[in-house]
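The values are calculated or read from the model by the stated rules, or taken from the named source; none is laboratory data. No experiment lies behind these values; they were computed from the predicted model shown. Cβ atoms come from the backbone with ideal geometry, glycine included; neighbour counts cover every protein chain shown.
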Amino acid sequence: MRGSWLLRYVRLLTWYTEARLSYLLSHTLAETIRLVWIGLAVFVGLLCLSAALVLAIKPLIGPPLALLLAGFFWLLVASASVFFLGPYLHKRFQTGRHLYRMTLARAGLRLLEKNLNAPPAAAAPGFLGLLGPFLSRWLSRWLMRKFQQFLRKMIPL
C-alpha cells in the first residue's frame, strides 16, 4: 500500500513541477511581451511628440499637427495596452490553467504526505512480512533508476 502512495507522490510531484514551470514560463513570456509592446509604443509616441515639437517651431502648420496627432495616438495605444494587453496575453498563454493544475497537484501532495506520515499498519505475518523490507528497497532503487533515466532524457548534458 505504501508503494502505491509513493508512486502517486512521485507522479504528483512531477505534475506539480511541470505545472509550475509552465506557469512561470507563460507568465514571464506574457509580461515580457506586454512590457516590450508598451515600451515600443511609448518610444514611438515620444519620438513623434519630440518631432512635432521641433517642427512646431517652424511656421508650418500641417506636418507638426500630424506628428502631434500620431504621437497622441501612440500614447493612447500604450495606455490601452497597460490595461488590456496583460489580461489578453495571460489568457492566451493559459497561466490560469497552469496555476490551477499546480494548486491541484500541491493539494494532492499534501494529502499523500499526510498519509505517508501516518503510523504504519502492523506488518503482515509470515512470508510477506519477511519479503516486505526487501521489496521496498528494490522498489525504491528501481524508482530512483527510472527517475534518473527520465531526467537524463529530459536534460541531456
Only one of Gly108, Gly39 is surrounded by 14 or more Cβ atoms within 10 Å (Cβ to Cβ) and either hydroxyl-bearing (Ser, Thr, Tyr) or part of a helix (DSSP H, G or I) (or both), namely Gly108
Within region 42-64, residues surrounded by fewer than 15 Cβ atoms within 10 Å (Cβ to Cβ) and at pLDDT below 75 come out as Ser50, Leu53, Val54, Ile57, Lys58, Pro59, Leu60, Ile61, Gly62, Pro63
Against the definition (at pLDDT 80 or above and among the small types (Gly, Ala, Ser)), how does Ala118 come out, yes or no? no
* To do: Examine region 88-104 for a residue that is free of Cβ contacts under 8 Å to residues at least 40 places away in the same chain, more than 30 Å from Thr14 (Cβ to Cβ) and out of contact with any His (no Cβ under 9 Å at 6 or more places or on another chain), and state whether such a residue exists.
  => yes
Of (1) polar (S, T, N, Q); (2) surrounded by 11 or more Cβ atoms within 10 Å (Cβ to Cβ); (3) modelled with pLDDT of 75 or more, Gln149 fails just (2)
* Examine region 122-129 for a residue that is more than 19 Å from Leu21 (Cα to Cα), modelled with pLDDT of 75 or more and not hydroxyl-bearing (Ser, Thr, Tyr), and state whether such a residue exists. => no
